[in-house]
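Undergrad: Okay, handing you the structure first.
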Amino acid sequence: MPNNVPLTGATPAAGGYLIPVEYAETMVQTILRENAIAQVARRVTLRGRQLVFTTYLGRPIVGFVGEGAKKPLTGASWGQATIGIQEIATIVPVTNQLLEDAREDPMLLVDEDINLAIADTIDAHALGMQAGVAITTQFANALTGTTQTVEYLQARPDALAFAISQAMGKIEANGGRPNGAVLAWSFRQSIREARQTTSGLGAAQPVYGSLGSLDPFQGLNASFSTNLADVNTAPAAGKVIGIVGDFSNAILLVRNDVTVSQTAEATLDNAGSLIHLWQQNMQAWRYDVRVGFYANDLNRQFCAIIDAA
C-alpha cells in the first residue's frame, strides 16, 4: 500500500478509510481468510509470547532380531521447536475536517485494503518471498527455504498436475502425507487456459476444465498467493511458483485480534517528517496484530515447485 499521510479529503483513495474500533476483534478473521498460508496451515491461538512444542523427525525403522540380540535404533527422533510472536503494526492519521465533512462516518467503514495488507505481509514472510522476490523472513523459517524441489515443465499440457505429483512423491518418500499446496496466483489463469495440443484428450481440448478431466491439484487443498513468482514470466534461478507439503507441520500462531487505539495529541514521525496531531487538528489510529509461523521438518515435509530451466 502507498504510504500517503496524512489522509485528507483530497486523497481518500490513497489511504483508504479508518478501522472502526468496535470491529477490530473481527478483522483477524478477514485477514486469515484472505491469507494463503492460513488456508492450509494449522492455526493456533496463543496466550503467551511464544510456543515451545515437541517435534517428530525422521521415519521409524524396525526389523527382525534374534533372541537376546541387540535391538536396532530407529531412524526417528524427538526434538523441540520454539515459535516466537512477531508484531505487525501501522498508524493512519486523519484530519478532523475530513471526519466532520464526510457524508458517511469513515469510522463505520472497514477498508479491505488494510485487511489485505496485513494478510499479504503474513503470507510473504511465511513464504519467504514477496511479489516474486526472495526476502528475509521475520518468522522462525519460511517455506521457500526447503531444500526439496521439483522442476515445472512448461511444455507439458498437464504441467501443474505433474509437478504437484512429483512434489507429493518426494514428501511421501519421507513418510509425509501431503495435504496442501500454495501456488502462484497466476496459476488460476493457467488452469483455465491449459489446452491439450497432442493426442490424448483431443486437440485444443481443456486439460483441466471439462467434466471428469485431470484434477490440477491432485486432491490437495490449494490456495493461491501473489507473493510467489508469476508462472507466465521467463524461467529464472530461484523462481519459486509453488509449495507442496504436509501442512500439518506448518503452524500459524495468532496471539491476539487486531487492536486499535486512537490519539489526537501525539507527534508522529513519518520518515523524518513530523506530524503534530493536536497542532494540525488531526487524529491518528494505530492498529496491530501479533502472529508467528513455523514449518516443522521443512526439508522433508515440504517441496518447492521451481521454474528455473
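Undergrad: Residue by residue through segment 216-243, note down the ones that are assigned to a strand (DSSP E or B) and either among the polar types (S, T, N, Q) or modelled with pLDDT under 75 (or both).
TA: Matches in segment 216-243: Asn221, Ser223, Ser225.
Undergrad: Regarding Ser213, is this residue out of contact with any Phe, Trp or Tyr (no Cβ under 9 Å at 6 or more places or on another chain), of a type in the set (Ser, Thr, Tyr) and in a loop (DSSP other than H, G, I, E, B)?
TA: Numbers: out of contact with any Phe, Trp or Tyr (no Cβ under 9 Å at 6 or more places or on another chain): yes; of a type in the set (Ser, Thr, Tyr): yes; in a loop (DSSP other than H, G, I, E, B): yes.
When the stated conditions are applied, Ser213 passes them.
Undergrad: Answer yes if at least one residue in segment 227-244 is within 30 Å of Gly132 (Cβ to Cβ), among the polar types (S, T, N, Q), touching a residue at least 12 places away in the same chain (Cβ under 8 Å) and buried (at least 17 other Cβ atoms within 10 Å of the Cβ), and no otherwise.
TA: Yes, because at least one residue in segment 227-244 is within 30 Å of Gly132 (Cβ to Cβ), among the polar types (S, T, N, Q), touching a residue at least 12 places away in the same chain (Cβ under 8 Å) and buried (at least 17 other Cβ atoms within 10 Å of the Cβ).
Undergrad: Please indicate, with yes or no, whether at least one residue in segment 192-205 is modelled with pLDDT of 70 or more, β-branched (Val, Ile, Thr) and either assigned to a strand (DSSP E or B) or in the same structural domain as Leu153 (by TED's automatic domain parsing) (or both).
TA: Scanning segment 192-205 turns up no residue that is modelled with pLDDT of 70 or more, β-branched (Val, Ile, Thr) and either assigned to a strand (DSSP E or B) or in the same structural domain as Leu153 (by TED's automatic domain parsing) (or both).
Undergrad: Restricting to segment 123-164, name every residue that is free of Cβ contacts under 8 Å to residues at least 40 places away in the same chain, assigned to a loop (DSSP other than H, G, I, E, B) and under 28 Å from Leu214 (Cα atoms).
TA: Result: Leu153, Ala155, Arg156.
Undergrad: When you scan segment 145-153, do you find a residue that is among the aliphatic types (A, V, I, L, M), modelled with pLDDT of 95 or more and closer than 14 Å to Ile241 by Cα, even just one? Before the answer, list the steps.
TA: Keep residues of segment 145-153 that are among the aliphatic types (A, V, I, L, M), which gives 150, 153.
Checking the rest, the ones that are also modelled with pLDDT of 95 or more come to 150.
Restricting the remaining residues to those that are closer than 14 Å to Ile241 by Cα gives 150.
Checked against the condition, which is being among the aliphatic types (A, V, I, L, M), modelled with pLDDT of 95 or more and closer than 14 Å to Ile241 by Cα, segment 145-153 yields at least one hit.
Undergrad: Would you call Gly169 at pLDDT 95 or above and more than 19 Å from the chain's Cα centre (by Cα)? I'd like the intermediate steps shown before the answer.
TA: Details: at pLDDT 95 or above: yes; more than 19 Å from the chain's Cα centre (by Cα): yes.
So Gly169 fits the description; yes.
The values are calculated or read from the model by the stated rules, or taken from the named source; none is laboratory data. Because the structure is a prediction, the values reported are computed rather than measured. Methodologically, a virtual Cβ is constructed for each residue, glycine included, from the backbone with ideal geometry; neighbour enumeration extends over all protein chains shown.
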